[in-house]
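This report refers to the structure that appears directly beneath it.
Just so it is clear, none of the values below were taken in a lab; they were calculated from the coordinates. What you see is a predicted model; the values in this text were computed from it and never measured. Here the Cβ positions follow ideal geometry from the backbone for every residue, glycine too, while neighbour counts run over all protein chains shown.
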Amino acid sequence: MKEPWSIAMLISGALFAAGSVPIAWERAPAWRAAGYETFRAEFAYTLRRMDRLQPALLVACLVSAAGFAVGATGTARVLAGLAASCIAAVLAGSGLVLVPIQRRLMDPGPDLSAADLGRFRARWLGGHLIRTIVTLAAFVMLVVAAAG
């Protein structure tokens, strides 16, 4: 019964990480250097595309990691449970912190001052970096749990 859970958690975890890492590695430096108008346009374009799939992958990874942990024993159970906790933290942090910032940055209506834009951009990029690091740590734990 562990095998279907491990396949689901590894595929969904890999796909989620594969969506997060390029933003932290490639897009974040470009967005830091961009002017505010360019940043907002590119940010909105990228996030509209990513936000369609990323939450579903994260939930699928959380559910499958928990399912794997229930059926596993020993170190594999501990690692999968810890990874599921990390994934739950990423999900909560994304929904409670990053998504509201994204909405402010993507909303063309309100005229935000340069200081507000700079503050929101820095907070989102910092939060995304934390999300990416936690995601990668969780994925490594899932791989080790599935291999064990």
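Within 10 Å of each residue's Cβ, count the other Cβ atoms and sort THR135, THR46 from fewest upward. Display every interim value, and only then the final one.
Working: THR135 24, THR46 14.
Ranked by crowding around the Cβ, least crowded first: THR46, THR135.
Helix 74-93 and the longest principal axis of the C-alpha atoms of the chain enclose an angle of approximately 20°. Between 0 and 90 degrees, the angle of helix 36-50 with respect to the longest Cα principal axis of the chain falls at about 30 degrees. Using only alpha carbons, the stretch 2-147 has a radius of gyration to Kirkwood radius ratio (Rg to Rh) of 1.05. For the pair the stretch 103-140 / the stretch 62-92, the C-alpha centres are spaced 26 Å from each other. Label-to-label distance for ALA56 and THR73 is 3.7 nm, based on points extended 7 Å past Cα in the beta-carbon direction. Within the listed set LEU112, LEU15, LEU79, the residue fluctuating most in the Gaussian network model of the chain (springs between alpha-carbon atoms under 10 angstrom) is LEU112. Stretching VAL144 away from ALA33 to a fully extended chain increases their span by 36.2 nm, per 0.36 nm per residue minus the current alpha-carbon distance.
Neighbour counting of Cβ atoms within 10 Å sorts the residues MET9, MET50, fewest neighbours leading, into MET50, MET9. Taking other C-beta atoms within 10 angstrom as a stand-in for reagent exposure, VAL97, VAL90 fall in the order VAL97, VAL90, fewest first. Maximal additional length on extending the LEU91-ARG48 stretch stands at 13.7 nm, based on 0.36 nm per residue less the C-alpha distance.
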